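Each remark here refers to the structure printed beneath this line.
The values are calculated or read from the model by the stated rules, or taken from the named source; none is laboratory data. It should be emphasised that the depicted structure is a prediction, and the values quoted were computed from it without experimental measurement. Here the Cβ is made from the backbone with ideal geometry for all residues, glycine too, and neighbour counts use every protein chain on show. SASA here: full protein model, heavy atoms, side chains in, ligands and nucleic acids out. Shrake-Rupley method; radii C 1.70, N 1.55, O 1.52, S 1.80 Å.
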Amino acid sequence: MKRIGLLGCGAIGTQIALAINSGQVQAELTHVYDYDKSKAESLVARLDKKPTIVENPHLLSSNNVDLVVEAASQDAIKNHALSIIQNRKDLMIMSVGALLDESVFDILFDACHEFKKRIYLPSGAIAGLDAIKSVKSELESVTLITTKNPKALAGAKFFETKNMDVHSIKEKTVIFEGAAKEAVTLFPANINVAALLSLAGLGSEKTLVKIVADPNTNKNTHKIEASGIFGKISIQVENVPDNTNPKTSRLAILSAIECLHTICSDDIKIGT
Ligand SMILES: NC(=O)C1=CN([C@@H]2O[C@H](COP(=O)(O)OP(=O)(O)OC[C@H]3O[C@@H](n4cnc5c(N)ncnc54)[C@H](OP(=O)(O)O)[C@@H]3O)[C@@H](O)[C@H]2O)C=CC1
Ligand SMILES: O=C([O-])CC(=O)C(=O)O
């Protein structure tokens, strides 16, 4: 059975730990870390088989684990992903936006080859990555339109740079249009899905992102529109937000659990 270390004990990390605890994912959660220790303690209190709470992130991968699951932040990837791979552990990443920094991507890509380790990127809060990957060589345009309630967008760096008060948005408003590369920097906790779409398809400069703040919605909606020689793809997911973190969709959590289940099982693998 694979031994798992968990980096980040928030909305996604908690549900992953509970899925392992219930046996839905056949693995052993052995070590956890969050820089808010109280979050790690509350999580461990809910588990039957108690993992060790480590005092710093390096102790996750220097211990005897097979895979580290990151559910923390883009900074966590920038600061710790390389040492996890160098410590010869596989890594599952949720804060995928960090990989749109080419220096981070290239270093991790080379490290995976050198240390013969794998990085897994679950499909997260979107659907259709299988198709985008398959038509990659024939793609001509990809646009992601993401609509969230302003309270789910609050706290993003974007509002500091624009000197805009998110709570003053009273009607459905397009607040950002640009390349995925810029979107993941300005909305690091909201649009990691744009990084997944970029990596699967046209890259971070040509993948276009529109972010819409809608005070009248209680869903996190992601619409992908892609076209090319192959034809057209139009996929929309209306996600229920997690009840502890409105930025994060329920589908992102379920996708992380399903990805981990696939990594940890030897049965038939369905889909691309
Ligand atoms: N790929 C996808 O489709 C999706 C990706 N995400 C991303 O996944 C990540 C986890 O999401 P979620 O669980 O909802 O987030 P939460 O904010 O609920 O939980 C993250 C936890 O990790 C902690 N943390 C952040 N950075 C570090 C660090 N460097 N070292 C240790 N702990 C850290 C946070 O502490 P504190 O609160 O104090 O910052 C928090 O306790 C986020 O980056 C999010 O943007 C989310 C949804 C979809
Ligand atoms: O969960 C979502 O809807 C998407 C999200 O936060 C992200 O991609 O960072």
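Full-extension gain between GLU225 and VAL174, please, as 0.36 nm times their residue separation minus the C-alpha to C-alpha distance.
Numbers: separation 51, 0.36 × 51 = 18.36 nm, distance 1.67 nm.
Result for the pair: 16.7 nm of gain on full extension.
Counted over all Cα-Cα pairs of the chain, pairs farther apart than 32 Å make up 22 percent. Determine the shape class of segment 152-198: with a ≥ b ≥ c the square roots of the Cα gyration tensor eigenvalues, call it rounded for a/c under 1.5, and otherwise prolate if a/b is greater than b/c, oblate otherwise. Judged from the Cα gyration tensor, segment 152-198 comes out prolate (a/c at least 1.5, a/b above b/c).
Can you give me the % of accessible surface on the chain that is carbon or sulfur? Probe 1.4 Å, all protein chains present, nothing else counted. Please list the in-between numbers first.
On the way: 6460 of 13180 Å².
In the chain, the share of accessible area belonging to carbon and sulfur is 49 percent.
Within segment 1-51, the ratio Rg/Rh, alpha carbon atoms throughout and Rh by Kirkwood, equals 0.92. Here the chain is scanned for GluC sites (Glu not before Pro) in DSSP loops (not H, G, I, E, B) that have at most 14 other Cβ atoms within 10 Å, and the longest stretch holding none of them is 56-170. Dipole magnitude for segment 74-128: computed about the Cα centre from +1 point charges on Lys and Arg Cβ and -1 point charges on Asp and Glu Cβ, it is near 320 debye. Taking a ≥ b ≥ c as the square roots of the eigenvalues of the Cα gyration tensor, an a/c ratio of 1.5 or more together with a/b no larger than b/c marks segment 216-259 as oblate. Counting Lys and Arg as +1 and Asp and Glu as -1 over every other residue whose Cβ lies under 11 Å from the Cβ of LYS247, the net charge comes to +1.
Residues in segment 15-25 carry Karplus couplings, in order, of 5, 5, 4, 5, 5, 5, 4, 7, x, 4, 10 Hz; the curve used is 6.51 cos²θ - 1.76 cosθ + 1.60 with θ = phi - 60°, and Gly or Pro positions show x. Helix 102-115 and the longest principal axis of the Cα set of the chain meet at an angle near 30°. When both bridge partners sit in the chain, DSSP labels roughly 50% of those beta bridges antiparallel. Looking at segment 129-245, the accessible area is 49 square angstrom per residue; that uses a 1.4 Å probe and ignores ligands, DNA and RNA. Near ALA72, the amide H atoms lying under 5 Å from its own belong to MET94, SER95; only residues 5 or more places off or on other chains count, and H is placed 1.01 Å from N. Taking trypsin sites (Lys or Arg not before Pro) in DSSP loop conformation with at most 15 other Cβ atoms inside 10 Å as exposed sites, the chain has its longest uninterrupted site-free stretch at 207-268. A Förster radius of 25 Å, combined with the Cβ-Cβ distance separating PHE109 from GLU138, puts the computed FRET efficiency at roughly 0.55. Using a probe of 1.4 angstrom and keeping all protein chains present, the accessible surface of segment 1-41 works out to 41 square angstrom per residue. Mind checking Rg over Rh on segment 129-245, alpha carbons, Kirkwood formula for Rh? Rg/Rh for segment 129-245 comes to 0.99.
Rounded to the nearest 10 degrees, the inclination of helix 74-86 to the longest alpha-carbon principal axis of the chain is 40 degrees. Near ALA226: Cβ cut-off under 12 Å, other residues only, Lys/Arg at +1 and Asp/Glu at -1. The net charge is +2.
Taking the Cα centre of the chain as origin and charging only Cβ (+1 Lys, Arg; -1 Asp, Glu), how large is the dipole, in debye to the nearest 20?
360 debye
The accessible-area ordering, largest first, of the residues ILE93, ILE53, ILE270 stands as ILE270, ILE53, ILE93, per a 1.4 angstrom probe. Overall, segment 129-245 carries a charge dipole of about 60 debye about its Cα centre when +1 sits on the Cβ of Lys and Arg and -1 on the Cβ of Asp and Glu, all other atoms neutral. So for segment 129-245: antiparallel DSSP bridges make up what percent, rounded to the nearest 5? In segment 129-245, approximately 75 percent of DSSP beta bridges are antiparallel ones. Considering only the Cα atoms of segment 95-146, their convex hull presents on average a projected area of 4.8 nm².
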